[in-house]
Amino acid sequence: MFPQTSSNSDGHLIHLLFIAAILALGTTVLNAYHTSHLRSQMLASRNLKEYSYLGDNFPPRIPRNIQPAVMSILNGSDIYPLEDDRKWASVVPPGHGFVRMGSTGRPFAISMGHQLHCLNGIRFAYIAARDNIFSDPDEITASFNHANHCFDLIRQSILCNADTTLVPTGESGTPGTLYGTLHRCRDWTQVRSFMASNQKHWKGVPLEPDSKLSPRYADFRSSYRTISR
């Protein structure tokens, strides 16, 4: 009987080669991930620097990764009564939802801020019509024109977000109460934080004297004051 030294050596060698292959594969995957991560960071950084914020040369969203959040829908009609202007004014983000971007500080409206501004505008138009606040027919027309614009903006925003949360039906087969249902959202507090820090950064810095800026920052602010007085 001969010793099985060759067979044992071959088995040991195969075992070592297998371990080496696994380590090599792991190293390759890690290197690929690291390279991809660095590349994505470089591209993101480069893309941010490439935007001039002139004309149509600007990013589609704010340069911040907004984290997901969950909202439990509550009955807030007693927290935000329609007649409470102060409470509803607090819903609209700081600076009416405007930020300034790029080296020249071009003004932009963030969609969330514009939508909340519109919601408050519809509320005010309803209160004004109900309580006969306006005596001038032109003010009534302006208020309802603004409300019409806002209704359509909110309609499109609802379709864009397409909330697919299931709402159980009531006994009659119609949609039941939304209260208590959990909705997957994005953390709106992070958006407000971005607005606040951006406005703090640009505080006291005058706008560029460029009549082609869009949206018209001053016009939008003045229209907000008119509808929310």
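None of the figures in this text is laboratory data; all of them are computed from the coordinates on show. Predicted, not measured: the structure shown is a model, and the values here were computed from it. Don't worry about glycine lacking a Cβ; one is built from the backbone with ideal geometry, like all the others, and counts go over all protein chains shown.
Observations on the model:
- Fewest neighbouring Cβ atoms within 10 Å first, the residues C118, C185 line up as C185, C118.
- Potential lengthening between R192 and L159 on full extension [0.36 nm per residue; Cα-Cα distance subtracted]: 9.6 nm
- Rounded FRET efficiency, nearest 0.05, which uses the C-beta distance separating E139 from V70 and R0 of 41 Å: 0.50
- Among M195, M112, M71, sorting on how many other beta-carbon atoms sit within 10 Å of each Cβ, with the fewest leading, yields M71, M112, M195.
- Put simply, the amide H of R106, placed in the peptide plane, has neighbours under 5 Å in M101, leaving out anything fewer than 5 places away on its chain.
- Efficiency of FRET from Cβ geometry, S103 and R130, R₀ 35 Å, rounded to 0.05: 0.15
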